[in-house]
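Before any comments, here is the structure.
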Amino acid sequence: MKVFHSPASLLHAPVTYFRRGKAIPHLEQPARYELLLNAAFTAGHDIELAGVFGIEPIQKVHSSRYLSFLKEAWDRRSEIEPGLEHILPSHFKRPEMDQYPKHIIGQVGFHMADLSTPIHERTYEAVMASSDIALSAAKHAIAHGHAYGLCRPPGHHASVESAGGFCFINNTAVAAAYMRDTLNCRVGVIDIDVHHGNGTQNVFYSNEDVVTVSIHADPSNFMPYYAGYADETGVSAGLGYNLNLPLPHGSGDQIYLNAIAYALEFCQRQGVEALVVALGLDASEEDPNGALAVTTRGFFACGQLLGSTKWPTTLVQEGGYLSEILGENLKAVLGGFDSSRGSLAG
Ligand SMILES: [Zn+2]
């Protein structure tokens, strides 16, 4: 398996965030990048630095005012307060009050969904590199069948106009739009992260050219709380092209794998010809999120299933947090995928 990465992933290092009302050490640590890269290397995969794609493919997914905000926020920090260590909101826009304010502090709350996405001095470089990693993998998958992008920070909670859930640029959505536009075909996204891919759903909710499926822990008592339910099926031209498969908390391998098999059937029925996998590994039994109980053996079977089609497939790293078996779980998914496709094919 070709593995794309960038050391710029290390440039974003958040310290704390709020989970269930309490400030705790941030889960989305630079050490994730090092651990996952080391796992891919020791498993013998073909490691390559990501290329540079610029802003244009990202503009297919995010609004121009959001991208300008991400680019300029750090340099405008003194408008909030001199000496700020990071930029975070103090207020949030709501559906009933959503005018766009001129001042940067108002824009921060407009463009952030929660307190987990602080902007630091080099956050913009890190999130642009993360998008480049996904695009490099998508480009390789189009030419050679499949590839894995070791993206950090993750992306699937980032919507058209907002960061949230550790995510800034929706790398999965950027890769899906790139595959759609390059191959001129309908693309499927299968999100197997333990959290609902609310950002990706938001980006493509009214589209029929990208089918979005998310398999995740029931959001009624789990982030992102306000989306991820089975009755969200798309709107206008996108009606019928969004599928949410919320699973009972504590579900293990069999339920998870059945959902992935069903997601693949759904994509097949909807005429998908290329695939992006939002590869969260936080459904693991050892993940600090603790909502699902997928084993390393289950992740191998998951990789086998995801590799069982003939579609060009881009695997995009999403969540999955530090544990004893995080690296083993990545090896399992990539190994399972390669066992279905044949490792020489890509
Ligand atoms: Zn997650």
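The values are calculated or read from the model by the stated rules, or taken from the named source; none is laboratory data. Everything numeric in this text was worked out from a predicted model, so none of it was measured. Counting neighbours? That spans all protein chains shown, and the Cβs are built from the backbone with ideal geometry, glycine included. Note: areas computed on protein heavy atoms with side chains; ligands, DNA, RNA excluded. Shrake-Rupley method; radii C 1.70, N 1.55, O 1.52, S 1.80 Å.
Just checking, does region 143-154 include any residue being within 16 Å of the ligand (Cβ to nearest atom), charged (D, E, K, R) and in a loop (DSSP other than H, G, I, E, B)?
Yes, some residue in region 143-154 is within 16 Å of the ligand (Cβ to nearest atom), charged (D, E, K, R) and in a loop (DSSP other than H, G, I, E, B).
Going by the conditions given, is residue 229 without any contact (Cβ under 8 Å) to a residue 12 or more places away in the chain and assigned to a loop (DSSP other than H, G, I, E, B)?
When the stated conditions are applied, residue 229 does not pass them.
Could you check region 121-135 and list, in sequence order, the residues that are over 15 Å from the mean Cα position of the chain (by Cα) and polar (S, T, N, Q)?
123
Filtering region 288-317 down to residues that are open to solvent by 10 Å² or more (accessible area, probe 1.4 Å) and either without any contact (Cβ under 8 Å) to a residue 12 or more places away in the chain or within 19 Å of residue 152 (Cα to Cα) (or both), which residue is farthest from the ligand (Cβ to nearest atom)?
310
Any residue in region 88-110 that is crowded, with 20+ Cβ neighbours inside 10 Å, free of Cβ contacts under 8 Å to residues at least 60 places away in the same chain and of a type in the set (A, V, I, L, M)?
yes
Could you list all residues from region 118-166 that are surrounded by 24 or more Cβ atoms within 10 Å (Cβ to Cβ), hydroxyl-bearing (Ser, Thr, Tyr) and in contact with a Leu (Cβ under 8 Å, 6 or more places away or on another chain)?
Residue satisfying the conditions is 148 alone.
State which residue pairs qualify: first residue in contact (Cβ under 8 Å) with a residue 24 or more places away in the chain and inside region 28-53, second residue in a helix (DSSP H, G or I) and open to solvent by 80 Å² or more (accessible area, probe 1.4 Å) in any location, beta carbons under 6 Å apart, and separation of 6 or more residues or different chains.
Once the first residue is in contact (Cβ under 8 Å) with a residue 24 or more places away in the chain and sits in region 28-53, its partners that are in a helix (DSSP H, G or I) and open to solvent by 80 Å² or more (accessible area, probe 1.4 Å) give 47/41.
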